[in-house]
């Protein structure tokens, strides 16, 4: 065990545990809020806290380790695992065409379900894996905050869960594959406020993001997909629902 990475890993996990506990308690209170000013205040607090913990905190730890270049280039510690993964998976997995088709299909599905749910009322509802209904913005001002939250989550959470945690574990204990597995579990548990169904769904998505990162060798791939998925759920669908309901 190497002491400095191990200590930094302990600090990162402790900060994550605090964030998860705090987030769960705040979300329970958030669900009872009715005034948009109060809801926007909580959105703003979530944005600042997540930005400082996951993005600023991750960059600070990487700077201490002298590993800031890892944000742009895959760390050498990951190369044995990525080599194995690339041999096992088809070369077309992260092609621009496939990823573009995936995103387009998701966007079409979101819009289609939104139109059906508005036209037919309660007969057609979008599947929600987890307790996330309260997160949906109710007006344009709230939508601005959920847009910022989506962008921040895609960048900062991928930096923290897909890069920092596995790297710290690998540097401390020499087993990056275990570090990636633990990071997927931690990613799921960080969404405990959504309930256990949300935890399991998020962990699955985290595993997919991890595979895409290792296969592509670029953190930008899971970052972009994470941002798009969050924008579709927290911006596009609620906005389309409001516009269609007015018509």
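The values are calculated or read from the model by the stated rules, or taken from the named source; none is laboratory data. Predicted model only: the values in this text are computed from it and were never measured. For neighbour counting, all protein chains shown are included, and Cβ atoms are generated from backbone atoms with ideal geometry for every residue, glycine included.
Read through the list (1) modelled with pLDDT under 95; (2) in a helix (DSSP H, G or I), then give the number of the only condition that residue 218 fails.
Residue 218 satisfies all of (1) modelled with pLDDT under 95; (2) in a helix (DSSP H, G or I) except (2).
Rundown of residues vs (1) without any contact (Cβ under 8 Å) to a residue 24 or more places away in the chain; (2) within 26 Å of residue 9 (Cβ to Cβ), yes/no style:
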{"position": "139", "(1), (2)": "no, no"}
{"position": "147", "(1), (2)": "no, no"}
{"position": "154", "(1), (2)": "no, yes"}
{"position": "160", "(1), (2)": "no, yes"}
{"position": "166", "(1), (2)": "no, yes"}
{"position": "172", "(1), (2)": "no, yes"}
{"position": "181", "(1), (2)": "yes, yes"}
{"position": "185", "(1), (2)": "yes, yes"}
{"position": "191", "(1), (2)": "no, yes"}
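Limited to region 12-25, what total is found for residues that are touching a residue at least 40 places away in the same chain (Cβ under 8 Å) and either over 18 Å from the mean Cα position of the chain (by Cα) or within 26 Å of residue 133 (Cβ to Cβ) (or both)? Lay out the reasoning, then the answer.
Keep residues of region 12-25 that are touching a residue at least 40 places away in the same chain (Cβ under 8 Å), which gives 12-13, 15-16, 19-20, 23-24.
After this cut, where a residue has to be either over 18 Å from the mean Cα position of the chain (by Cα) or within 26 Å of residue 133 (Cβ to Cβ) (or both) as well, the list is 16, 19-20, 23-24.
Residues that pass the stated criteria total 5.
Looking only at region 176-199, which residues are more than 13 Å from the chain's Cα centre (by Cα) and not in a helix (DSSP H, G or I)?
Selection gives nothing.
I'd like the full set of residues that are in a helix (DSSP H, G or I), without any contact (Cβ under 8 Å) to a residue 60 or more places away in the chain and either closer than 14 Å to residue 133 by Cα or more than 22 Å from the chain's Cα centre (by Cα) (or both), limited to region 30-45.
Of region 30-45, the ones in a helix (DSSP H, G or I) are 30, 36-45.
Checking the rest, the ones that are also without any contact (Cβ under 8 Å) to a residue 60 or more places away in the chain come to 37-38, 41-42, 45.
If the condition is that a residue be in a helix (DSSP H, G or I), without any contact (Cβ under 8 Å) to a residue 60 or more places away in the chain and either closer than 14 Å to residue 133 by Cα or more than 22 Å from the chain's Cα centre (by Cα) (or both), then 37, 38 are the ones that fit.
What pairs come up if the first residue lies in region 78-99 and is modelled with pLDDT under 60, the second is surrounded by 11 or more Cβ atoms within 10 Å (Cβ to Cβ) and not in a helix (DSSP H, G or I), and their beta carbons are under 9 Å apart, counting only those six or more places apart or on different chains?
Hits for this filter: 94/218.
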